Structures are given as C-alpha cells and as structure tokens.
Amino acid sequence: MLEARALSIGHGKTRVGSGLSLRVAPGEVLCLLGPNGCGKTTLFRTLMGLLPALAGDVLLGGRPVTALTRAEIARRIAYVPQAHAPPFPFEALEVVLMGRTARLGAFGQPGRTDRATALDAMDHLGIADLAGHNYAQLSGGQRQLVLIARALAQEAPLIVMDEPTASLDFGNQAQVLSRIAALVSGALDDGRSVVLSTHDPDQAFALDARVVLMHRGGILAQGAASEILDGPRLSTVYGMPITVETTTSGRRVCLPAVT
Amino acid sequence: MSRPALPLLLALVLVLMAFGAVMVGPFGLSPGEVLRTLVGQGDPQARIVIWNIRLPRVAAALLVGAALAAAGASYQALFRNPLVSPDILGVSAGAGLGAVAGIFLSLPVAAIQASAFVAGMVAVGVVTLVATAVRGADRTLTLVLVGVVIGALAGAATSLLKVLADPYDQLPAITFWLLGSLASVTSADILPALPAVLVGLVPLTLLRWRINVLSMGDEEARALGVEAGHTRFLVIASATLVTASVTALAGVVGWVGLVIPHVARMLVGPGFGRLLPVSALIGAGYLLAVDTLARSIAPVEVPLGILTAVIGAPFFVVLLARGRRGWS
C-alpha cells in the first residue's frame, strides 16, 4: 500500500534522517515511535508528498508519490494533523466536510451524500452531537476527534495521524486513544491501515501495533510492539534508563527511572 | 433566519436604499417623481438629474462597496487573518501611484483611471514575483511582507510626485483621489469597471469551497487534495482584478474591505459560499449610505475615505470588544 525505499528526509540542505525503509500493508496499524524532534513529522510530510524526498522513493499503491496529483494522493492517504485552531469559526461539520474535497471537482461543493458521509464519520467516533458546534471552541480532545472524523470522511485506505494525543491533557489523551483503538479494530476489518506517530511507547502497547522505532534520524528496529520494545532499546532511544513492566492485568507499561 | 432568506432580504433593503439615495440631493425629488422618471415620464430636469447624475453615482457606490467587501472577504480567507484588507498586497498603493502619475502628467480622466488600474495590477504582480523569488520558509508571510515593502516604495514615489505637483491645480486633485470619491463619476466611468469586477467575481464564486479549505492552511489544504499554489494564485489574481477596477473608478477607499467581511461573518459564519454574496450585499449598502452622506452632510463633498475611516475605526473597535464573534 505504502512503501518507502532508502528514504532521506529533510528541509532543503538540512538532512533530518536517512536510510529509511518501511512498508505499510493493508489492514495494519503501524506506530512510528521516537522522541520529540527525531523526524517523525518530517517523515510523514515526505511520505505524503508534501515535502520532496532528498533521496530514495515513496511508492503509493505501486506508483511514485511524486507522479500523483494532490487529489490522487488525498484519495489514498488521509492526514490527521495535531489539533489546531483555525482563524475562523467553522462548524465542526464543515471541518469534517473538508475531508470530501478530493472527491469533488475543482469548482465542486459538498452535496447531500457528502454531508451524510461526514455525519456518519462523526457518528462513528461518537461525536455526532458536535456537528453544529463551533470547532474553534471545542476542547483539544474534541477537535482531535473532529479531525479524525474528517480523515474517515475522506474514505482513503490509509490514515496517517501525527501525534494525535500530543497536545492533550491526561484524560483527553486516554479518551482519544481509546477511540483510535476502537476505530483501528473496526477499520482493520475493512482493510484500512493506520499509521500514527507518538513519543509515548505505552500507546504502541495499548494499540498492539507494529512499531517502527526511530533513533537519530534512522530506524533502530521494526516489528511487533511486544517483541521489539524492551528496556535496552527504549533506554537507547530516549537516552535514559527505562524498564518495561507487566501489570497484574497483563498490560505492558514503560517506566522511566526517576532518581 | 432560514438560509436563502437573508441574502434576499439584504437585496430588498439594497433596492429600497438605492431608491432613497436617488431622491436625496440639492435637487430634491419625491418618490413619485423618481418613479415617473424611471418609467420614462417626468419633467426633463428631473430626467437629467436622475439619469446623468444620481443613478450613475448610486450604481458606482453599489459596485465599489460590493467589490471591496468581496475582495476583502477573499483576502481574509486566503491569508487566514481577519485583519487583512484588500490592499494587503499593495494594490491600493500601486493604483494610487498610477493615478497620481496620471494627474501629474495632466492626462485625461480615462487615462488616469487606466493608469491606476494597470499600476495596481502591476504592483501585486511584482509582489508575487518577488515573493516567489525570495522563497521564504512561510510563503504567506513572505507575500505579506513583500506587499508591505512594495506598498512603501509606491507610497514614497507618490509622495515625491505630490511634492513636485502644481499645488493649486494638481495637488487638490491628487489628495481627493487618494481619499476616494465618486463626486465626478459618470456612466462612461462605470462601464469599463463593471465587467472587470464581474470577471473577477466568477472564479471567487466557483472556488468558494476550495477557499474554505485553503483557510485551514496551505499544508492541510494540500493534504486534503487542493493544489494550494494554483488556487491561491487564482484567488489573488481575481481579488486584485476586482480591487484594482474599483480603485481606478473611486480612488482609494479604505476600511470597507476590512470591516464589512466581519459583519457578514457574524451573520452567516465563515463558510465562503455564503460569506461572499452577503459581504458583497452589505458592502454595497454600506458604501451607498456613506456616499449619500458624503454628498449631503456638507456644502462641499467629503472624501469617502474620511467617512469610511471615521465610521469604520470605532465600529471595528466595538467588534473587537464584543469578544471577537465571527472571528474565533
């Protein structure tokens, strides 16, 4: 579905990462894990063709991403940015409807079926009651869910989320993460794939994802969370002693050494 | 209010206001006289006043107000900033320089208007070219900053011409033009501006959904499937065409393009499909009211720019104080 081969990423002459190779198969959850500033967002932007690759190729459905138009890319990858505030008070439903843009003509307007799709997507995430609310006045967690609903309404086979819980407080993080988990288990049934980045290794465990562990602009390891996320690797990546423990309920959690 | 009702109501109010504005003036007319003249009867004097003086002026005020407000709404959406006005990219400064140069060279009126129009378009063209060449990190910010620079340059050249101009003949004309006025407008002046404004409004209307998406920011718009660069170029070109056409007709009229889109956004929200027509309707009514005031409150004509600033500035402060509704 999505494949990166020996990718070098960066802005202009500043190289952020190199030698990055990864694949996303249909119906898979891939978690891009690494500390802040390790190049996760730059990698995402390169994968979506928003930023030119410094070297290497990105293939989307077998075709180089550079050969596709923006609308063709948007019909294949839906992007969920970090929750933000737009300058104008759009209704939440209007924001979700923007996900339909790549399915409209250049001069097109979203119609009745687009509205139905958008409302379905909001309903799917349990936020249908927010449709008429001012997006700018929603909480960070609600805004993030609206942006995820927009990605669902885009009906792309691959959804990319950039640190979906980064700017949220503890409760909102848990809420958004559990909605993502529910979405992922549902979405995987119809073959959709989800790629998300996070700096919190616990989330990779919680989503039972395949993990790409990034370190200093390269890939340290990739594989199932339960197999590759161990104390030594996490300690290397985050630059401090970390242990992985199993709770009495069987969940794995990462504990940094606090001295 | 139901969705289509508001624009219809505004259009109705506009027709009534236009009718009222035709009656007002040194040669006062009753509603009956106006009606009789409009259907081809009435006395010859009323006919001349209405057809040659009042109607062109009313039509020009409607056109200029609608165009400035529509262009302002477009620029605000495009630059994701509610404090942006149509002259952000230097169109007014360029048109001002063009007109002042025309007056300085004692060109005929039509040539002054053409010079203002061309210089306004050229100014924005130079701004976009320079901004593309600079390749700053943030394209929008680069555009705005280059707009400020080119605007300042054009302003300096305008000031130089004012210093050199004949203080008794040319300087008053220059000052009046830079503050905006419809005092000497005729049907012949409106005819070239009208089609240009309509041509500019067509792409803005067709792109109304994509303009919404663009106001989420360039990168997000691209991720949603919009070729942001092309769309932005088309919107800038259209809004500039609209602004330059009416600036050539009326001079530099400030504040309308800044304030009116706010009022419209408070009424119908930021969705551009509704914001554009409602902004244009309110802008038309507002400038008609201001222009009617300008020609009737004092024995001499008051420049439009003075009135729009005197009314617009405190109004804008009230808008800000009321919790920025329609803003965030």
Revision key, fill the gap. Note on the range A:182-201: residues touching a helix residue (DSSP H, G or I) at 6+ places or on another chain (Cβ under 9 Å), outside any strand (DSSP E or B) and within 30 Å of residue A:19 (Cα to Cα) are A:184, A:192, A:199, A:200, A:201
Check your understanding: Is there a residue being of a type in the set (Asp, Glu), over 13 Å from residue B:224 (Cβ atoms), in contact (Cβ under 8 Å) with a residue 24 or more places away in the chain and in contact with a strand residue (DSSP E or B) (Cβ under 6 Å, 6 or more places away or on another chain) anywhere in the range A:85-95?
Key -> no
Review point. What is the number of the single condition among (1) within 14 Å of chain A (Cβ to nearest Cβ); (2) closer than 28 Å to residue B:62 by Cα; (3) crowded, with 18+ Cβ neighbours inside 10 Å that residue B:196 does not meet?
Key: (1)
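Each row is one residue, and each column tells you yes or no for (1) farther than 30 Å from residue A:136 by Cβ; (2) touching a Ser or Thr at 6+ places or on another chain (Cβ under 8 Å); (3) not aromatic (Phe, Trp, Tyr).
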| residue | (1), (2), (3) |
| --- | --- |
| B:238 | no, yes, yes |
| B:244 | yes, no, yes |
| B:280 | no, no, yes |
| B:285 | no, no, yes |
| B:289 | yes, no, yes |
| B:299 | yes, no, yes |
| B:315 | no, no, no |
| B:318 | no, no, yes |
Review point. What's the number of the condition residue B:277 fails, among (1) farther than 23 Å from residue B:120 by Cβ; (2) not in a helix (DSSP H, G or I)?
Key: (2)
Point to revise | Qualifying residues in the range A:160-181 (those that are surrounded by 24 or more Cβ atoms within 10 Å (Cβ to Cβ) and of a type in the set (A, V, I, L, M)) - the one farthest from residue A:86 (Cα to Cα) | key: A:180
Point to revise | Condition met for residue B:150 (at pLDDT below 90 and farther than 23 Å from residue B:190 by Cα) | key: no
Exercise for review: Tell me which residues, restricted to the range A:71-87, are in a strand (DSSP E or B) and either facing chain B (nearest Cβ under 7 Å) or among the aromatic types (Phe, Trp, Tyr) (or both).
Suggested key: A:79
Check your understanding: Looking only at the range A:104-120, which residues are surrounded by fewer than 21 Cβ atoms within 10 Å (Cβ to Cβ) and either facing another protein chain (nearest Cβ under 8 Å) or assigned to a loop (DSSP other than H, G, I, E, B) (or both)?
Key -> A:104, A:105, A:106, A:107, A:108, A:109, A:111
Practice item. Report, by residue number, each residue of the range B:205-216 that is assigned to a helix (DSSP H, G or I) and touching a helix residue (DSSP H, G or I) at 6+ places or on another chain (Cβ under 9 Å). Key: B:205, B:208, B:209, B:210, B:211, B:212, B:213, B:214
Point to revise | Qualifying residue in the range A:144-162 (condition: assigned to a helix (DSSP H, G or I), at pLDDT below 90 and either more than 17 Å from residue A:90 (Cα to Cα) or in contact with a helix residue (DSSP H, G or I) (Cβ under 6 Å, 6 or more places away or on another chain) (or both)) | key: no
Review point. What are the residues in the range A:46-70 that are at the interface with another protein chain (Cβ under 8 Å from one of its Cβ atoms) and of a type in the set (Ser, Thr, Tyr), if any?
Key: A:69
Practice item. Might you let me know whether the range B:163-173 holds any residue that is part of a helix (DSSP H, G or I) and crowded, with 21+ Cβ neighbours inside 10 Å? Key: no
Check your understanding: Right, residue A:123: more than 14 Å from every other protein chain (Cβ to nearest Cβ), outside any loop (DSSP other than H, G, I, E, B), over 18 Å from residue A:209 (Cα atoms) and at pLDDT below 95 or not?
Key -> yes
Review point. So which of B:80, B:36, B:54 is within 14 Å of chain A (Cβ to nearest Cβ) and not β-branched (Val, Ile, Thr)?
Key: B:80
Practice item. Of the numbered conditions (1) farther than 22 Å from residue B:126 by Cα; (2) within 14 Å of chain A (Cβ to nearest Cβ); (3) of a type in the set (Val, Ile, Thr), residue B:259 fails exactly one; give the number of that condition. Key: (2)
Revision key, fill the gap. Scanning the range A:40-54 for residues that are surrounded by fewer than 24 Cβ atoms within 10 Å (Cβ to Cβ) and assigned to a loop (DSSP other than H, G, I, E, B) gives A:49, A:50, A:51, A:52, A:53, A:54
**Study point:** Residue among A:216, A:233, A:252 that alone is surrounded by 15 or more Cβ atoms within 10 Å (Cβ to Cβ) and modelled with pLDDT under 90
**Key:** A:252
Check your understanding: residue A:37 is checked against (1) part of a loop (DSSP other than H, G, I, E, B); (2) away from chain B (no Cβ under 13 Å); (3) in contact with a Pro (Cβ under 7 Å, 6 or more places away or on another chain) and fails just one. What number does that condition carry?
Key -> (3)
**Study point:** residue A:178 without any contact (Cβ under 8 Å) to a residue 12 or more places away in the chain and not charged (D, E, K, R)
**Key:** yes
Practice item. Say whether the condition of being under 15 Å from the mean Cα position of the chain (by Cα), more than 7 Å from every other protein chain (Cβ to nearest Cβ) and surrounded by 24 or more Cβ atoms within 10 Å (Cβ to Cβ) is met by at least one residue in the range B:232-240. Key: yes
Study note, to complete from the structure: When every residue in the range A:88-101 that is more than 8 Å from chain B (Cβ to nearest Cβ) and out of contact with any Phe, Trp or Tyr (no Cβ under 8 Å at 6 or more places or on another chain) is compared, the one farthest from residue B:213 (Cα to Cα) is A:93
Exercise for review: Scan the range B:253-265 and give yes if some residue there is within 17 Å of the chain's Cα centre (by Cα), surrounded by fewer than 21 Cβ atoms within 10 Å (Cβ to Cβ) and assigned to a helix (DSSP H, G or I), otherwise no.
Suggested key: yes
Exercise for review: Take the range B:217-232 and flag every residue that is part of a loop (DSSP other than H, G, I, E, B) and either among the basic types (Lys, Arg) or touching a residue at least 40 places away in the same chain (Cβ under 8 Å) (or both).
Suggested key: B:217
Point to revise | Positions within the range A:164-184 being farther than 15 Å from residue A:146 by Cα and under 12 Å from the mean Cα position of the chain (by Cα), in sequence order | key: A:166, A:184
Point to revise | Qualifying residue in the range A:230-239 (condition: touching a Leu at 6+ places or on another chain (Cβ under 8 Å), in a strand (DSSP E or B) and in contact (Cβ under 8 Å) with a residue 40 or more places away in the chain) | key: no
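The values are calculated or read from the model by the stated rules, or taken from the named source; none is laboratory data. Just so it is clear, the model here is predicted, and its values are computed rather than measured. Don't worry about glycine lacking a Cβ; one is built from the backbone with ideal geometry, like all the others, and counts go over all protein chains shown.
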